[in-house]
Amino acid sequence: MKLGLAVAGREALPSAFVVIRDDLARCVDRCAAFGYHGVELALRHAEEVDVPRVKARLAATGLEIPCISSGQVFAADGLYFTHPDPDVRAAATQRIVDMIRLAAEFGAKVNTGRVRGIIHPGETPETARRRYLNCLHRCADVAEPLGVELIVEPVNRYEVNFINNGLQGIELVRAAGRACVKLMPDLFHMNIEDASFREVFELGRDIISYVHVADSNRLAPGWGHLPWDEIFQIFSDINYDGWITAEILPHPDPDSAARQAAAFLLPRIRQRAQRSESIAAIPPTTRAVRS
Ligand code: LER
Ligand code: MN
């Protein structure tokens, strides 16, 4: 399991849910200093990234870019997959396609997040779903041959009115039926929308490939009231060994938030790795009895 932090460039809107806003190459260095394993880039345009400069900082620090997220395409530019205007849907799709090509440079996934869009007033959920799946398939056609995963993130009802909870996310990922389309639970949204963390993680275990973490109030983990021991137990029970990325508010200030998330999560990640190693060291015949 690895730990990431969501960051953005200096121009990112206040509505971007990131901790650090800085030159993206400097974001890599700052996260490395806090002990993170990678940075998730929250972008508005793929062209924001100076690929050689960022790659140089990744090589120097050993950090990775596990994911590129696209919430600002929705929040800043109003581009999304369920829009009634086909030109807007095409522009949203093109932005994601550009991000998929960028992600391929870094071995990253692309979070289609809020670019999924909304159910428009006067329209049915079926109309939103048809437009959404159509755009998602066009993105998957580009992503699949490049080996890039597209991740679908259920987002709470106060931000969008389409794909809000984990069960809806699981249903849509399965309906898409594309190997590159996966689910990304975000604990902050789940805390609002889902009856049970365990139910969603167990039902979606085969399609979950990335997780956003924050505490109940979207502050750094440990500063709210999510049941972290139970959550890490669920990760162990379903053998989730992928990235968890802190997508938290920069309060009381970016560095304190980044430091707290790392101080709270890294020991849990290490503890989990140690437990998996000790289980792996037990001969298979006795494993069921001892674990
Ligand atoms: C928005 O609340 C969020 O969680 C993002 O990851 C999606 O754009
Ligand atoms: Mn999120």
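The values are calculated or read from the model by the stated rules, or taken from the named source; none is laboratory data. This structure is a prediction, so every number in the text was calculated from the model and none was measured. Every residue, glycine among them, receives a Cβ derived from its backbone with ideal geometry; neighbour counts consider all protein chains shown. In case anyone asks, the SASA skips ligands and DNA or RNA and just uses the protein heavy atoms, side chains included. Shrake-Rupley method; radii C 1.70, N 1.55, O 1.52, S 1.80 Å.
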(request) Let me have the 222 nm mean residue ellipticity of the chain computed from DSSP H runs of 4+ only, each contributing -39500 (n - 2.57), with the sum over all residues rounded to the nearest 500. (result) -15000 deg cm²/dmol
(message) If I stretch the segment between Arg130 and Asp77 completely, what's the gain in nm (0.36 nm per residue apart, minus their alpha carbon distance), one decimal?
(response) 16.9 nm
(request) Assign one of three labels to region 136-291, namely rounded, prolate or oblate, based on the Cα gyration tensor with a ≥ b ≥ c the square roots of its eigenvalues; rounded applies when a/c is under 1.5, prolate when it is not and a/b is larger than b/c, and oblate otherwise. (result) oblate
(message) Cut-off 11 Å, label point 7 angstrom out along Cα-to-Cβ of Arg10: give me the residues of region 23-62 whose amide nitrogen falls inside.
(response) 23-24
(message) Accessible area of the chain with a 1.4 Å probe: how many percent of it is carbon plus sulfur?
(response) 51
(message) Give me a comma-separated list of calculated 3J(HN,Hα) values for region 223-234, in order, Karplus coefficients 6.51, -1.76, 1.60 applied at θ = phi - 60°, integers in Hz, x for any Gly or Pro.
(response) 9, x, 10, 6, x, 5, 5, 5, 5, 5, 5, 5
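At 0.36 nm per residue, and after removing the present C-alpha to C-alpha distance, how many nm does the segment from Arg26 to Ala175 gain when stretched out fully?
Values: separation 149, 0.36 × 149 = 53.64 nm, distance 3.99 nm.
Answer, rounded to one decimal: 49.7 nm.
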(message) Skipping prolines and chain starts, which residues have an amide H placed within reach, meaning under 5 Å, of the one on Ser69, given they are 5 or more residues away or on another chain?
(response) Leu41, Ala42, Leu43, Asn111
(request) Convert each backbone phi in region 205-211 into a coupling constant with the Karplus relation 6.51 cos²θ - 1.76 cosθ + 1.60 (shift: θ = phi - 60°), then list the ³J(HN,Hα) values in order as whole Hz, x for Gly and Pro. (result) 3, 7, 10, 7, 10, 5, 9
(request) Give the distance, in whole Å, between the Cα centre of region 239-268 and the Cα centre of region 11-55. (result) 15
(request) Show me 180-186, 126-132 ranked by packing, highest mean number of other Cβ atoms within 10 Å first. (result) 180-186, 126-132
(request) Output ³J(HN,Hα) for region 261-275: one whole-Hz value per residue in order, computed from phi by the Karplus curve 6.51 cos²θ - 1.76 cosθ + 1.60 with θ = phi - 60°, and x for Gly and Pro. (result) 4, 5, 5, 7, 8, 4, x, 5, 5, 5, 4, 5, 5, 5, 5
(request) Enter the Cα centre distance for the pair region 202-224 and region 90-153, rounded to the nearest angstrom. (result) 21
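Taking K and R as +1 and D and E as -1, what net charge do the other residues with C-beta under 14 Å from the C-beta of Arg53 add up to? Could you put the intermediate results ahead of the total?
Numbers: positive: Arg26, Lys55, Arg57; negative: Asp22, Asp23, Asp29, Glu47, Glu48, Asp50, Glu105.
Within the 14 Å Cβ shell, the charges total -4.
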(request) Enumerate the amide H contacts of Ala246 below 5 Å, restricted to partners 5 or more residues apart or on another chain; note that Pro and chain-start residues carry no placed amide H. (result) Gly4, Leu5, Ala6, Val213
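Roughly how many Å² is the accessible area per residue of region 2-290, as a whole number, for a 1.4 Å probe?
Working: 12110 Å² over 289 residues.
Counting only protein heavy atoms, the per-residue value for region 2-290 is 42 Å².
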(request) Select from His83, His45, His37 the residue whose mean-square fluctuation is largest in a Gaussian network model of the chain (Cα-Cα springs shorter than 10 Å). (result) His45
